[in-house]
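Shown next, in structure tokens, is the structure this report addresses.
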Amino acid sequence: MSEDDLLETPLAGLHRAAGARMVPFAGYHMPVQYEGIIAEHLWTREKAGLFDVSHMGIVDLIAHDGRAETAARALEALVPADIAALKPGRQRYTQFLNEAGGILDDLMVARPAEHADRLTLVVNAACKREDIALMESRLADAVDIVPREDLALIALQGPQAEAVLAAHDPVVAAMPFMGVGRARIAGVELGLTRSGYTGEDGYELAVPADRVAQVWQALTGDERVKPIGLGARDSLRLEAGLCLYGHDLDTTTTPVEADLLWSIQKRRRTEGGFAGFERIRSDIENGPARRRVGFRIEGRAPAREGAEVVAGGKTVGILTSGGFAPSLGAPIAMGYVDSDHAGEGTAVEIMVRGRALAATVAPMPFVPHGYKR
Amino acid sequence: MKKYTEDHEWVAIEGDTATVGISSYAQAQLGDVVFVEVPEAGRAVTKGGDAAVVESVKAASEVYAPASGTVSAGNDALADNPALVNEDPEGAGWFFQMTLADPAELDGLMDEAAYKAYLETL
């Protein structure tokens, strides 16, 4: 894709005016940083960071029979989570799986309380076209699949996020983690969820695209809030132990290998009825041959995606994400290793430029989550 | 005399000794530097070959030798304080010193004015 084909979010002009460095990402011009990744990362951990994630796809599934339960049952053919059990005003994390149990995308599924007829999905930017095509081919008998191009998505993340938003609308303070609601922020009526991708407490706000600049400017006008780029978004999610699709998850990884079994509720594990169930059942019964784990690396040199993990002179795995953790001042990574090397505390070596760096399989998250349960 | 490469390294030349680092432009492009691997004294380097590695939060970048020769010192201060590369890229944030095999190899590099003009074209 050439530079000219890149899309812009409704906030691109404000990013440039704020001095952001814009980079191509998933078909969009996106801000990778404003003042610097480390400063933005630490600000989000201490105060509140505002992220433009409008490149992501918001898709409504509107049931033909007007019942959200129907949309939930239909969607369950493609994802392993218990969507039927999702209560109004709640959302859940899950994955689109292929027939072999490989992950096509990971996504959030929300059941908004104010609409009895639908679910709202948030999918990754790079996968949204394929996700929509998959749903069109498999779910169109039961639901209308409606990409919400009229909405922009922004995320306010960090320990001060609640106080910042509650000053606009106190209703947000009562929302639980993974709750779905509506609020009036900077004069704009919008849908929001209490969730995010940083490990911090926070919210994702779906804002009418033609009003999002007004909301963005009001929030960044608060002295507790700074705009944060994709660079810090990546270092924050890595410290939080959260997967990045296309790196830590792809069609060659299953949710069980990826340590996402928690996202497959009990009914689905026994009943199945979703693409890839045979593989998932086998992974659960026999244990997966490899697992996603975290690594702490000695010294200061970061190890990156693609670096080999070695134990006893033999390759036992590969990194899928790795970098410097600003909150820890140390390198961290995640990747897949053979299951017999996946135990916490297992000593391994990670190969970087021909040198073996000493590392240890470490529990994730690397930095404790700040969710409001 | 200070010269620059198209890869955004600076080279301060005194006789047959050169001090090498990355330019202010390069450090700004990289962002926060979190790790630098400099060559040890005595290592032979060849013009255009790998000499050092600089890592930002996001990615690793190679630093190439601007000329052939022998490394006489690496900047050990960068091991504990890689942020020196951001704070003082063309001073305390130097990467390594080397003895040049042939100082004429540096003749083709840009002086400061030419490098500034080069940056305008990027």
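Residues of the range B:90-122 falling in the label zone of B:Ser24, defined by backbone nitrogen less than 18 Å from a point 7 Å along Cα to beta-carbon, are B:90-95, B:110-122. From least to most packed, judged by other beta carbons within 10 angstrom and beginning with the fewest, B:Lys3, B:Lys47, A:Lys87 follow the order A:Lys87, B:Lys47, B:Lys3. Rg/Rh, computed from the Cα trace of chain B with Rh as the Kirkwood radius, has the value 0.94. Per residue of peptide B:29-35, the mean number of Cβ atoms on other chains within 10 Å of the residue Cβ is 6.
Loop-located GluC sites (Glu not before Pro) in the range A:48-100 (DSSP state not H, G, I, E or B) with no more than 11 neighbouring Cβ atoms inside 10 Å: A:Glu99. In chain A, helical runs assigned H by DSSP with n ≥ 4 each contribute -39500 (n - 2.57); averaged across all residues and rounded to the nearest 500, the mean residue ellipticity at 222 nm is -5500 deg cm²/dmol.
Summary value for chain B: 30 percent relative contact order, contacts being C-alpha pairs under 8 angstrom separated by 6+ residues. For chain A, the relative contact order comes to 18 percent (Cα pairs under 8 Å, sequence separation of at least 6). Here, the range A:35-126 is characterised by an Rg to Rh ratio of 1.09, where Rg is the alpha-carbon radius of gyration and Rh the Kirkwood radius. Relative contact order for the range A:156-245: 25 percent, from Cα pairs under 8 Å spaced at least 6 residues apart, divided by residue count.
When the inverse distances between all different Cα atoms of the range A:289-362 are averaged and flipped, the Kirkwood radius reads 11.7 angstrom.
The trypsin sites (Lys or Arg not before Pro) found in the range A:1-75 that occupy coil by DSSP, while having at most 14 further C-beta atoms within 10 Å, are A:Arg67. Lysine pairs in the protein assembly as shown whose alpha-carbon atoms fall under 17 angstrom of each other, counting only those eight or more residues apart or on distinct chains, come to 6.
A simple packing score, the average count of other Cβ atoms within 10 Å per residue, orders the peptides B:61-70, A:35-44 as A:35-44, B:61-70, with the highest score first.
Solvent-free Debye calculation, one equal scatterer per alpha-carbon of chain A: log10 I(q)/I(0) at 0.14 Å⁻¹ equals -1.26.
Which residues among the range A:86-101 fall inside the zone where the amide N is under 20 Å from a point 7 Å beyond the Cα of A:Ile284, along Cα→Cβ? Correct set: A:86-87, A:92-101. Can you compute the modelled spin-label distance between A:Ala84 and B:Glu14, with each label point 7 Å from Cα toward Cβ, in nm? Here the modelled spin labels are 8.0 nm apart.
Counting only the backbone N, which residues of the range B:85-113 are under 12 Å from the spot 7 Å out from the Cα of B:Lys47 toward its beta-carbon? Residues B:101-109 fall inside that zone. Estimated from helical segments only, the mean residue ellipticity of chain B at 222 nm is -4500 deg cm²/dmol, where each DSSP H run of four or more residues counts as -39500 (n - 2.57).
A short reminder: the numbers here are calculations on the coordinates, not readings from a lab. Please read all numbers here as calculations on a predicted model, not as lab measurements. Please note: Cβ atoms are built from the backbone with ideal geometry, for glycine as well, and neighbour counts cover all protein chains shown.
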